[in-house]
Every structure is written in C-alpha cells, then in structure tokens.
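First the structure, in the form of structure tokens, and then the observations on it.
Since every read-out is calculated from the coordinates, none of them should be taken as a lab result. Please read all numbers here as calculations on a predicted model, not as lab measurements. Every residue, glycine among them, receives a Cβ derived from its backbone with ideal geometry; neighbour counts consider all protein chains shown.
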Amino acid sequence: MKYTVIIEEGRESGYVAYAPALKGCASQGETREEALKNVKEAMEAYGEALLEDGLPVPTDVGRDTVELEVSARQASYPEDLLAKR
C-alpha cells in the first residue's frame, strides 16, 4: 500500500511526519530522513494493530492541489477609532 506522508519542520527543532489517512499516526526525527523512517515504522505498527483487532486498514484517497490567488489588503479604520489610539 502507498500512503501520502506530510513532513513539516518541528516547532522547536527537527521534523514531524504524519500520514493523514491513518488518523493520529505521526512521528518525528532530527532530520527529514529520520522522520520519514520513523513514521514508516509507526505506520506499519498502526496497520498491524488494526489487523490484530480485526479492523480494516484505511486506504489513502490521494491528494490534490488547489491554486490560490492571494493579495494583500490594506486595513481601513474609521477615523474615530484612529483618534482613540
């Protein structure tokens, strides 16, 4: 089976990796490679635990991309709010 894995920079250091199709299945590592290796091990254990409990292993529904157009907006404040600052 193939799954989408998301790898993000950790809040303080290292990397966090998770598989969206396997709810709650995540791991971390000092490097991207270590995080990927660790999440793969976690995913295997996750799938084995589901099978042992007689539950189905979720499949990855894939991913898609969405194109966005973002532009900066200038905030406009009423004159009376500016006067109170």
Whole-number D in µm²/s for the chain (Stokes-Einstein; Kirkwood sum over Cα pairs; 25 °C, 0.890 mPa s): 152
Cα long-axis angle, helix 32-52 against the chain (0 to 90 degrees, to the nearest 10): 60
Mean separation of Cα contacts under 8 Å (6+ apart) over length of the chain, as relative contact order %: 21
Fewest-first ranking of 16, 5, 57, using other Cβ atoms within 10 Å as the exposure measure: 57, 16, 5
Fully extended contour minus Cα-Cα distance, from residue 12 to residue 72, at 0.36 nm per residue: 18.7 nm
Within straight-line cross-link reach of residue 37, aspartates and glutamates at Cα separation under 16 Å, skipping those fewer than 8 residues along the same chain: 8, 9
Pair residue 45, residue 32: separation of 7 Å Cα→Cβ label points (nm): 2.5
Relative exposure of 27, 71, judged by other C-beta atoms within 10 Å (fewest first): 71, 27
Magnitude of the charge dipole, segment 1-62, Cβ model with Lys/Arg +1 and Asp/Glu -1, debye to 20: 200
Ellipticity estimate at 222 nm from DSSP helix runs (n ≥ 4, -39,500 (n - 2.57)) divided over the chain, nearest 500: -9500 deg cm²/dmol
